[in-house]
Amino acid sequence: MLTPLSQLQKGQTAIIRRIDASDSLVQLMEMGFLDGHMIMVDHIAPMGDPMAINVAGYVLSIRKAEAATIWVELAPTQEPV
């Protein structure tokens, strides 16, 4: 089930599956938002905008409107063994 990145909570991890941003698609891809990449929500500002996303080993800040165009699949949680 795909969910917009803007709906994730702090600490959630997901895999990018699709980007619908037409105006900022190239910019998002240059920043590391690529299909199949694992991301994690590092922080959300108190008013909900912007969001700090850990992608490709570094933290990027994006606006919630941009995050709404990035569709992700929640990563399966791993149970302790």
Subject >> Size of the stretch 2-71 as Cα extents on the principal axes (Å, biggest first) >> reply: 28, 22, 22
Original post:
What's the FRET efficiency of residue 7 with residue 35 using the Cβ-Cβ distance as r and R₀ = 22 Å, to the nearest 0.05?
Top reply: 0.75
Original post:
Taking amide hydrogens as modeled 1.01 Å from N in the peptide plane, which residues meet the under 5 Å criterion relative to residue 44, leaving out close sequence neighbours?
Top reply: 52
Subject >> Estimated 222 nm signal from helices in the chain, with DSSP H stretches of n ≥ 4 weighted -39500 (n - 2.57), rounded to 500 >> reply: -3000 deg cm²/dmol
Subject >> Gain in span if fully extended, residue 23 to residue 75, counting 0.36 nm per residue against the direct Cα distance >> reply: 16.0 nm
**OP:** Would you be so kind as to identify which of 54, 8, 36 lies farthest towards the positive end of the dipole of the chain, taking Lys and Arg as +1 and Asp and Glu as -1 on Cβ and the Cα centre as origin?
**Re:** 8
Original post:
Of 59, 26, 41, which is the most mobile in a GNM of the chain whose springs link Cα atoms less than 10 angstrom apart?
Top reply: 26
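Here, each number is a calculation from the coordinates, and none is a lab measurement. Quick caveat, the model's predicted, so the values are computed rather than measured. Don't worry about glycine lacking a Cβ; one is built from the backbone with ideal geometry, like all the others, and counts go over all protein chains shown.
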